[in-house]
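The values are calculated or read from the model by the stated rules, or taken from the named source; none is laboratory data. Values in this document were obtained by computation on a predicted structure and should not be read as measured data. Cβ: placed from backbone, ideal geometry, glycine included. Neighbour counts: every protein chain shown.
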Amino acid sequence: MRTQVGIIGAGPAGLFLAHLLHRAGIGSVILESRSREDVEGTVRAGVLEHWVVGLMNELGLGERMMREGHFHTGISLQWNGERHHVDIQELTDGKRVAVYPQHEVLKDLIAGRLADGGTIIFGVSGTTIRGVDTDAPAIDFRRAPDGAVETLACDYVVGADGFHGPGRQTIPSAHRTEYQKIYPFGWLGILTHAPLSWHELIYANQHDGFALMSTRTPDVQRMYIQCDPADDIAAWSDARILDALHARLDIGDGWTLHEGPIFQKGIIPLRSFVCEPMQYGRLFIAGDAAHIVPPTGAKGLNLAVADVLVLSRALEARYKRNIRDGLDRYRDRLRAAHPLRRSRPGADLADRGAPAGRELCRAAVRLSQSPCQIAARSQSASQDRGR
Ligand code: FAD
Ligand code: DHB
């Protein structure tokens, strides 16, 4: 089998890339190790920045998102028993985020790709990248664990294969540098079947720590509680989690959290990770394969899409005008202007104990500005490549 761009991973990075390339007339094939049902059924991120919403619409994939997604125009910050509303829409000249779960985005991207005649091979195993330092790279894989080895020959390989995939590991260790920052706290995250308790997200720092009340759908809520990263989840019974959420979220004004059965819980140690460069020979890595941000900024999905927006423009310039410098610049994309260091308002809140109101508002404004900054960067990067 042969294609122009061989993509490993049908997550946000891989699927958005395939759509962007298709729009530019460039062929691709996606190899994905999980089943379609698994990819479409795993609840992960939930917050789409305004420019990702715009991109979904531009690609003709936004119809269900616009119908079923929920648009948030602000957030609430709480400390010392008081709730403060931050109107992000007003502070950003009309920008707002969409709460539309990642797996719903993926369903729309997969259906769109298949409707366009695109190829996504689910359930592959033994994915091996080879020849990226030659002009003839290839990916070997099996459709079933005991199946024959097949080869996808391509011009370029993109590792959009998440943190644990083979993409990053294919860059020889002598050519790659990995940076990691481990924060001294964790977030205990839960998913619960319960109705919405408030019309927007609440970031709270009171009682004995930080809590975030987020959402996925009108019936599924996502909450986080700051905790010791070394805690054993078994020590957190559902009752203890709910007590902590009430202590950190209730402000004594009669409002209270709506409870429901908790169907998923886990402790996320907070860390940031960056690998550079993001290119080696004809291999490019994108999204979680290249960088991990803690869940505090609701950034991971959005950064993955930002990567492939830049990469797709660079590939388009290469194929249509034989201009390679966009691809060369993608290599050091993180070094230039990555928002990693300035997009963790939740980490800021949790880090500082009981910070002053002004600091909290600054953190919120940073949160609200980050989408424009990324979009502006992506646009200027692509304009650069068009020159
Ligand atoms: P992934 O989504 O990990 O996709 C990689 C794909 O590659 C996977 O489908 C994997 O199966 C496949 N793969 C791996 N190895 C192979 C192989 N050898 N062969 C073939 N395929 C392979 N981000 C936000 O922006 N907002 C949020 O609110 C948010 N909340 C989150 C909540 C949770 C609980 C989690 C876990 C993450 C959250 N994130 C959030 C982060 C976000 O989900 C990730 O950053 C995003 O999925 C990254 O996309 P990706 O395409 O780079 O990688
Ligand atoms: C989520 C996580 C965040 O850190 C945030 O700021 C907003 C939402 C979430 O997972 O829903």
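As for segment 312-323, it holds at least one residue that is more than 29 Å from Gly162 (Cβ to Cβ), in contact (Cβ under 8 Å) with a residue 60 or more places away in the chain and out of contact with any Asp or Glu (no Cβ under 6 Å at 6 or more places or on another chain). Scanning segment 261-297 for residues that are among the β-branched types (Val, Ile, Thr), at pLDDT 95 or above and surrounded by fewer than 24 Cβ atoms within 10 Å (Cβ to Cβ) yields Ile262, Ile267. Restricting attention to segment 198-208, and to residues there that are of a type outside the set (A, V, I, L, M) and surrounded by 18 or more Cβ atoms within 10 Å (Cβ to Cβ), which single residue is nearest to ligand 2 (Cβ to nearest atom)? The selected residue is Tyr203. Taken as a whole, the structure leaves Thr192 outside the set of residues that are polar (S, T, N, Q), within 13 Å of ligand 1 (Cβ to nearest atom) and at pLDDT 95 or above.
Restricting to segment 37-67, name every residue that is within 29 Å of Pro166 (Cβ to Cβ), away from ligand 2 (no atom under 16 Å from the Cβ) and either surrounded by 20 or more Cβ atoms within 10 Å (Cβ to Cβ) or within 19 Å of the chain's Cα centre (by Cα) (or both). Once the filter is applied, which keeps residues that are within 29 Å of Pro166 (Cβ to Cβ), away from ligand 2 (no atom under 16 Å from the Cβ) and either surrounded by 20 or more Cβ atoms within 10 Å (Cβ to Cβ) or within 19 Å of the chain's Cα centre (by Cα) (or both), segment 37-67 yields Asp38, Val39, Glu40, Gly41, Leu55, Met56, Leu59, Leu61.
Entry remark, segment 211-240: residues being of a type in the set (D, E, K, R), within 25 Å of the chain's Cα centre (by Cα) and closer than 15 Å to Phe263 by Cβ number 3 in total.
Within segment 172-196, the residues that satisfy the criterion of being within 22 Å of the chain's Cα centre (by Cα) and either within 16 Å of ligand 2 (Cβ to nearest atom) or part of a loop (DSSP other than H, G, I, E, B) (or both) are Tyr183, Phe185, Gly186, Trp187, Leu188, Gly189, Ile190, Leu191, Thr192.
Taken together, the criteria place His103 among residues that are within 16 Å of ligand 2 (Cβ to nearest atom) and either closer than 23 Å to Ala289 by Cα or in a strand (DSSP E or B) (or both).
If Asn80 meets every condition in (1) over 30 Å from Glu316 (Cα atoms); (2) of a type outside the set (Ser, Thr, Tyr); (3) at pLDDT 95 or above apart from one, which number is that one? For Asn80, the exception is condition (3). Taken together, Ile26, Ile110, Ile7 contain a single residue that is surrounded by 21 or more Cβ atoms within 10 Å (Cβ to Cβ), in a strand (DSSP E or B), more than 16 Å from ligand 2 (Cβ to nearest atom) and in contact (Cβ under 8 Å) with a residue 40 or more places away in the chain, which is Ile7. Here segment 163-198 is the region considered, the condition is being of a type in the set (Ser, Thr, Tyr) and touching a residue at least 24 places away in the same chain (Cβ under 8 Å), and the residue that is farthest from Asp133 (Cα to Cα) is Ser197.
Only one entry of Arg96, Arg130 meets the criterion of being surrounded by fewer than 20 Cβ atoms within 10 Å (Cβ to Cβ), charged (D, E, K, R) and at pLDDT below 95, and that entry is Arg96. Since His258 meets every condition but one in (1) at positive phi; (2) in contact (Cβ under 8 Å) with a residue 60 or more places away in the chain; (3) surrounded by fewer than 12 Cβ atoms within 10 Å (Cβ to Cβ), which condition does it not meet? It fails just one condition, (1). Going by what's in this entry, would Pro184 be described as modelled with pLDDT of 95 or more and either in contact with a helix residue (DSSP H, G or I) (Cβ under 6 Å, 6 or more places away or on another chain) or over 13 Å from Pro295 (Cβ atoms) (or both)? Criteria not met by Pro184. When Gly162 is tested against (1) more than 28 Å from Glu68 (Cα to Cα); (2) assigned to a loop (DSSP other than H, G, I, E, B); (3) under 25 Å from the mean Cα position of the chain (by Cα), just one condition goes unmet, and that condition is (1).
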